[in-house]
Amino acid sequence: MKKIKIGIIGAGTWGETHARIFKEDLNTELTAICDLQEEKALSLAKSVCLPQACVYTNHEDMLQHAALDAVAIVTPDFAHYHLAMDCIKAKKHIILEKPLTTNGAEAKHIVQAVKENNVRLMVDLHSRWSPLFALTKEAIEADEIGEVQHAYLRLNDIKYVATDLLPWAEKSSILWFLGYHAVDLLRWLFNDEVERVYSVSRKGVLNAEGVNTDDVFQSILEFKKGGIATLENAWITPNSHPNINDIKLNITGSKGMLNVDPTNSRVIEKFTEHSYEQPDYLVRHSVHGKYKGFAYESIRHFIDQLVSGEDFYVTVEDAYHTTIVVQTLLESAKTRTPIVVEY
């Protein structure tokens, strides 16, 4: 079977994740790595045994000269639009780390360009591959809890993410970084589109640490069929928290309820002379040298569906609608008013 030749734009932490999955998967051949910082691209290429000749600092050069069937775009939020459009025009299939874009008009252009150029694009909304959320979805579809009435979802990060991990945090928002996952998850579980939103935000904690972005958003999402969700996204969970994420979901139907609480489950704990840790057993880990966890499975799904020709589990329309909802949440927080979502 012919392998899918794939390149990566963005050699950061998540770019490394893509690279290792592509090297491990029997259906792909990693052929190029691109990053504006050449030393980062060279370092990643060396770690996956890719020749220096396969390293680029300009994505247009990579698209022109590298043998590619597909591209993984793994860059900061605000850089997605032009990269995606260039890859689409070059007739390359794309897996794009969320969000699709941070602008609704740009998102619409991408959707149109995908159709016009007959390429395939999947945004990596990997929460749909979490066993806990997948089991929740199955229970809802089996009518075990009846018609979904309301939900509460918390998806927060410790401060370290905004202050140290992401040098570009103040060019983005916790809504684009984590809220995007949360909105998609709620749309998927409710099997419905958001009709109206109301959000409030606060800032000050991160500002005091030199990062000019909002600390927290508290949002209400009203769905077209009548369901209501309360959503919390914050970047100021204390760094002493044993997990980088703080996650909780409660979803209630007309005849039942589901609770999901992986953060506080204490399934595995590690104690040493100097530290306490709850090792990641769900999102990103390895077993006997093989990458496991639902954040890896979504990337594998992209490869599998390219091989089979079947539809992606996350459509480009899903990503477009999620972009519009998040953009509307930001506008609502700015104006302190409820806003109808216009797709």
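The values are calculated or read from the model by the stated rules, or taken from the named source; none is laboratory data. Since the model is a prediction, treat every value here as computed from it, not as a measurement. All Cβ positions, glycine included, derive from the backbone under ideal geometry; neighbour counts span all protein chains shown. When the accessible area is computed, the model is the full protein with side chains, heavy atoms only, and any ligands, DNA or RNA have been set aside. Shrake-Rupley method; radii C 1.70, N 1.55, O 1.52, S 1.80 Å.
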Problem set entry | Whole-angstrom Cα spans of the stretch 123-192 along principal axes, big to small | 44, 21, 21
Seminar exercise, completed: For LYS224, counting only aspartates and glutamates whose alpha-carbon sits under 14 Å away and dropping same-chain residues fewer than eight positions off, the answer is GLU147, ASP192, GLU193, GLU195, GLU342
Seminar exercise, completed: Asserting the computed 222 nm helical MRE of the chain (DSSP H runs at least 4 long, -39500 (n - 2.57) per run, divided by residue count, to nearest 500) equals -10000 deg cm²/dmol
For this session: Heavy atoms only, probe 1.4 Å: what % of the accessible area of the stretch 251-343 goes to carbon and sulfur, would you let me know?
Result: 51
Seminar exercise, completed: The aspartates and glutamates whose Cα lies under 16 Å from the Cα of LYS23, excluding any fewer than 8 residues away in the same chain, are ASP69, GLU297, ASP304
Seminar exercise, completed: With Cα coordinates, the longest principal axis of the chain makes an angle with the long axis of helix 294-308, in degrees rounded to 10, of 60
Exercise. In a Debye calculation with equal point scatterers on the alpha-carbon sites of the stretch 69-218 and no solvent, what is log10 I(q)/I(0) at q = 0.14, 0.21 Å⁻¹?
Worked result: -0.84, -1.30
Exercise. Among 19-25, 284-290, how do they line up from the highest to the lowest mean number of other beta-carbon atoms within 10 Å?
Worked result: 19-25, 284-290
Exercise. Projected onto the charge dipole of the chain (+1 at Lys/Arg Cβ, -1 at Asp/Glu Cβ, origin at the Cα centre), which of VAL55, TYR343, ILE324 gives the Cα projection farthest towards the positive end?
Worked result: VAL55
Exercise. How large is ³J(HN,Hα) for each residue in the stretch 134-140, as worked out from phi by the Karplus curve 6.51 cos²θ - 1.76 cosθ + 1.60 (θ = phi - 60°), to whole Hz, x for Gly and Pro?
Worked result: 5, 5, 4, 4, 4, 5, 5
Exercise. Between LEU36 and ARG202, what is the spin-label point distance in nm, taking each point 7 Å from the Cα along the Cα→C-beta axis?
Worked result: 3.4
Seminar exercise, completed: Computed for the chain: size of charge dipole around the Cα centre, +1 on C-beta of each Lys and Arg, -1 on C-beta of each Asp and Glu, debye to nearest 20, value 200
For this session: Could you list which residues have their amide H under 5 Å from that of ILE4, counting only those 5 or more apart in sequence or on another chain, with H placed in the peptide plane?
Result: THR28, GLU29
Problem set entry | Gain on full stretching of the segment that runs from LYS224 to HIS65 - 0.36 nm per residue minus C-alpha separation | 52.5 nm
Exercise. What percent of all Cα-Cα pairs in the stretch 1-147 falls in each 10 Å bin, counting up from 0?
Worked result: 11, 38, 30, 15, 5, 1
Seminar exercise, completed: Per DSSP, the loop-located trypsin sites (Lys or Arg not before Pro) within the stretch 171-266 having at most 12 other beta carbons within 10 Å are LYS224, LYS225, LYS255, ARG266
Problem set entry | Kirkwood Rh and Cα Rg combined as Rg/Rh, the stretch 88-165 | 1.09
For this session: Using the structure shown, list the pairs from LYS92/LYS290; LYS137/LYS248; LYS92/LYS171; LYS137/LYS334 with a Cα-Cα distance above 23 Å, or answer none.
Result: LYS92/LYS290; LYS92/LYS171; LYS137/LYS334
Problem set entry | Average accessible area per residue (Å²) across the chain - probe 1.4 Å, nucleic acids and ligands excluded | 46
For this session: Determine the shape class of the chain: with a ≥ b ≥ c the square roots of the Cα gyration tensor eigenvalues, call it rounded for a/c under 1.5, and otherwise prolate if a/b is greater than b/c, oblate otherwise.
Result: rounded
Problem set entry | Counting DSSP beta bridges with both ends in the chain, the antiparallel % (nearest 5) | 55
For this session: Taking H placed 1.01 Å from N in the peptide plane, check which residues at least 5 places from ILE94 or on another chain put their amide H under 5 Å from its amide H.
Result: VAL71, ARG120, LEU121, MET122
Seminar exercise, completed: Net charge near PRO279 (other residues with Cβ under 15 Å of its Cβ; Lys, Arg +1; Asp, Glu -1) is +1
For this session: Taking the Cβ of VAL307 as the centre, find all other residues whose Cβ is under 12 Å away and add up their charges (Lys, Arg: +1; Asp, Glu: -1).
Result: 0
